[in-house]
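Undergrad: Before I ask anything, let me first share the structure, which is written out below as structure tokens.
The values are calculated or read from the model by the stated rules, or taken from the named source; none is laboratory data. No experiment lies behind these values; they were computed from the predicted model shown. Note: ideal-geometry Cβ built from the backbone for every residue, glycine included; neighbour counts use all protein chains shown.
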């Protein structure tokens, strides 16, 4: 009887660990999917010159408007405090797009339902992914109705 209970506990723990590992892989693979873009030169009337416009893959289009979960880092834009609007990056602040260490596909604008406290550690958030292909004054990706996933 004890062996059966022990076996059930071990199997359950293994399934929970496998589920957590799958969630982690899914969160990290989202950034990989978001990097599946190419660019085309297109004249911008407002700016008066050609710009690189993103061309999103079918996988990215399939995620547009869907709820996603992503792990990353808060990039402070208005001080080191809690914010409902912030930039989220696949990489830490020292390696982020704005610091020259990555491409524009590695960051997203976030609008959260509740303020998220700044930390230098990675966090996980969930929300609705929005793809931006037209507004050059905004990032290519936004996450709306975002919520911090409790650890």
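Undergrad: Exactly one condition in (1) without any contact (Cβ under 8 Å) to a residue 12 or more places away in the chain; (2) assigned to a strand (DSSP E or B) is not met by residue 77; state its number.
TA: With respect to (1) without any contact (Cβ under 8 Å) to a residue 12 or more places away in the chain; (2) assigned to a strand (DSSP E or B), residue 77 is out only on (2).
Undergrad: Which condition number does residue 17 fail, the rest of (1) surrounded by 11 or more Cβ atoms within 10 Å (Cβ to Cβ); (2) at pLDDT below 85; (3) more than 20 Å from the chain's Cα centre (by Cα) being met?
TA: (1)
Undergrad: If we keep just the residues of region 32-74 that are in contact (Cβ under 8 Å) with a residue 12 or more places away in the chain, more than 16 Å from residue 106 (Cβ to Cβ) and loosely packed, with under 11 Cβ neighbours inside 10 Å, which is nearest to the chain's Cα centre (by Cα)?
TA: Among those residues, the one meeting the criterion is 66.
Undergrad: Report yes if residue 28 is at pLDDT 90 or above, touching a strand residue (DSSP E or B) at 6+ places or on another chain (Cβ under 7 Å) and not in a loop (DSSP other than H, G, I, E, B), otherwise no.
TA: Taking the combined requirement at face value, the residue does not satisfy it.
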